[in-house]
1. Which residues, taken from the stretch B:1-32, are modelled with pLDDT of 70 or more and of a type in the set (Ser, Thr, Tyr)?
2. Kindly indicate whether any position in the stretch A:24-40 is within 18 Å of the chain's Cα centre (by Cα) and not small (Gly, Ala, Ser).
3. Considering only the stretch B:58-103, state which residues are away from chain A (no Cβ under 13 Å) and either touching a residue at least 60 places away in the same chain (Cβ under 8 Å) or not in a strand (DSSP E or B) (or both).
4. Filter the stretch B:37-52 for residues that are modelled with pLDDT of 90 or more and part of a loop (DSSP other than H, G, I, E, B); which is surrounded by the fewest Cβ atoms within 10 Å (Cβ to Cβ)?
5. Which of the helices (runs of 4 or more DSSP H) contained wholly in the stretch A:1-94 include at least 1 residues that are surrounded by 16 or more Cβ atoms within 10 Å (Cβ to Cβ) and within 9 Å of another protein chain (Cβ to nearest Cβ)?
6. Somewhere in the stretch B:48-57, is a residue within 19 Å of A:Arg90 (Cα to Cα) and either in contact (Cβ under 8 Å) with a residue 40 or more places away in the chain or of a type outside the set (A, V, I, L, M) (or both)?
7. Here is a check on your reading of the model: is B:Tyr85 exposed (fewer than 14 other Cβ atoms within 10 Å of the Cβ) and at negative phi?
8. Taking A:Lys80 as meeting all but one of (1) of a type outside the set (Phe, Trp, Tyr); (2) touching a residue at least 12 places away in the same chain (Cβ under 8 Å); (3) outside the structural domain of A:Leu15 (by TED's automatic domain parsing), write down the number of the exception.
Amino acid sequence: MQSGTDKLNSTFAALADPTRRAILARLATGEASVQDLAKPFRMSLPAVSKHLKVLEKAKLIRRSRTAQWRPCYLNAEPLKEASDWMEQYRKFWEESFDRLDEYLKVLQAETKKPAKRAKKKNDRK
Amino acid sequence: MSSTADREIGTTRVVNAPRPLVWSAWTDTKHIEQWWGPNGFTTTTREFNLSPGGKWLFTMHGPDGTDYRNDVTLTAVTEPELIEYDHGPSPVFHVSVRFEEDGLDRTKLSMRMLFPTKSERDRTVEKFGAIEGQLQTLNRLEEYLASRGSL
């Protein structure tokens, strides 16, 4: 459980930066070199490399060790875990509110019934 | 408001019941246990003290038999319009639930969940920042990846 939380923390930390999100979006279309990834940004190669290191540490990307140009690949698994985690909270509230809505109907029906009974009792008197 | 917007999740729901009833559905454990949690979950209350600083300790039982301990500390209780609490155990996030009348027989519930920050002395969880934007990014990425069959 703890390691799962740590993993999520590092995923969210990596995703907190817009440049890194843009890099991931670019990698979703296929592998790319550091030079390719740097192109859309007004950023030096070392600056982009820094971002890549954060993404690599969070296991959001993989870098080839074999090819000379060391292409980067997207690793989607931590994204799915982070997304599942967020989904849990959304689901929690959506479903709780659905249940609350249903339960309120039951409560309202119940509060109406005793009122009628009370009235009948009074009528008898 | 704007300083916290990037680490908030918000949701709003209008329910078909007058505000006093909705308030009691939220503040009486015999009612809460009937609706709290996703489908298939049940809740057992261990302690409930509805006042600022009071504790609400409960266990949620998942449909697969897994138990989830919850530790809530109430921080504000203003009948019939506002409940605020810190929801733990870990990570602790701050929740506010606002009850507004929406006509005679309807109540608007506005819920905000605020994720922890550095000011709460936990540097690691600060990184939950910008969660909503991230979720959108994640969803888009996931959709995209799913459409490519790589997930």
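1. Hits for the stretch B:1-32 are B:Thr11, B:Thr12, B:Ser24, B:Thr27, B:Thr29.
2. Yes, some residue in the stretch A:24-40 is within 18 Å of the chain's Cα centre (by Cα) and not small (Gly, Ala, Ser).
3. Answer for the stretch B:58-103, where residues must be away from chain A (no Cβ under 13 Å) and either touching a residue at least 60 places away in the same chain (Cβ under 8 Å) or not in a strand (DSSP E or B) (or both): B:Asp64, B:Gly65, B:Glu79, B:Pro80, B:Glu81, B:Glu100, B:Glu101, B:Asp102, B:Gly103.
4. Looking at the filtered set, the residue picked out is B:Ser51.
5. So the answer is A:2-15, A:18-27.
6. No, the stretch B:48-57 has no match at all.
7. Judged against the criteria, B:Tyr85 is not a match.
8. Going through the list (1) of a type outside the set (Phe, Trp, Tyr); (2) touching a residue at least 12 places away in the same chain (Cβ under 8 Å); (3) outside the structural domain of A:Leu15 (by TED's automatic domain parsing), A:Lys80 breaks only (2).
The values are calculated or read from the model by the stated rules, or taken from the named source; none is laboratory data. These numbers come from a predicted model, not from an experiment. FYI the Cβ positions are ideal-geometry reconstructions off the backbone, even for glycines, and counts take in every protein chain you see.
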